[in-house]
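Read-outs: derived from the displayed coordinates by stated rules, not from any lab. In this text the structure is predicted, and so the values were computed from the model without any measurement. Glycine gets a Cβ as well: all are built from the backbone with ideal geometry, and neighbour counts include every protein chain shown.
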Amino acid sequence: MSDVGYWLGTYEHFNMFRKTQDFTSLDRSLSDKMQDVIVAYARTGNPSTADVKFVKYAPADEMRTVLGDIIEVQKLNTRGLDFLLANPPARVQPKTAPRIKY
């Protein structure tokens, strides 16, 4: 499921045609906080609110804000990301389909 519905406050529309999830007060609260982030950023240029903190980017100490059951700032696993940059997967050539003559 996408988080766009939470950012826009339309998450309950996921159940419009087929029930996909039982939304609770936690969903409503999270969506309200996520929408507050958008409004704060539009008003001030800073997305941080009383409930959601964003830290200034620092290349030596990369952090991320996690929005979920618990909203928290976590240290980003840059070692894992650096490994992927240093060891890119091999490129695979797609197989071409045989040409059919009519």
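Descriptive notes on the structure:
- Residue in region 28-40 that is free of Cβ contacts under 8 Å to residues at least 40 places away in the same chain, assigned to a loop (DSSP other than H, G, I, E, B) and over 17 Å from the mean Cα position of the chain (by Cα) present: no
- Any hit, region 83-100, residues being surrounded by 10 or more Cβ atoms within 10 Å (Cβ to Cβ) and part of a loop (DSSP other than H, G, I, E, B): no
- Scanning region 1-15 for residues that are closer than 22 Å to residue 72 by Cβ, among the aliphatic types (A, V, I, L, M) and assigned to a helix (DSSP H, G or I) gives a single hit, 4.
- Checking each residue in region 49-101 for being more than 17 Å from residue 33 (Cβ to Cβ) and in contact with an Asp or Glu (Cβ under 8 Å, 6 or more places away or on another chain) picks out 75, 76, 78.
- Selection status of residue 50, of a type outside the set (Val, Ile, Thr), out of contact with any Phe, Trp or Tyr (no Cβ under 6 Å at 6 or more places or on another chain) and assigned to a loop (DSSP other than H, G, I, E, B): yes
- Filter result for residue 18 (among the charged types (D, E, K, R) and either in a helix (DSSP H, G or I) or touching a Leu at 6+ places or on another chain (Cβ under 7 Å) (or both)): no
- Scoring residue 57 on the criteria (1) in contact (Cβ under 8 Å) with a residue 40 or more places away in the chain; (2) part of a loop (DSSP other than H, G, I, E, B) leaves a single failure, condition (1).
- Of all residues in region 1-50 being among the acidic types (Asp, Glu) and surrounded by fewer than 14 Cβ atoms within 10 Å (Cβ to Cβ), the one that is nearest to residue 65 (Cα to Cα): 3
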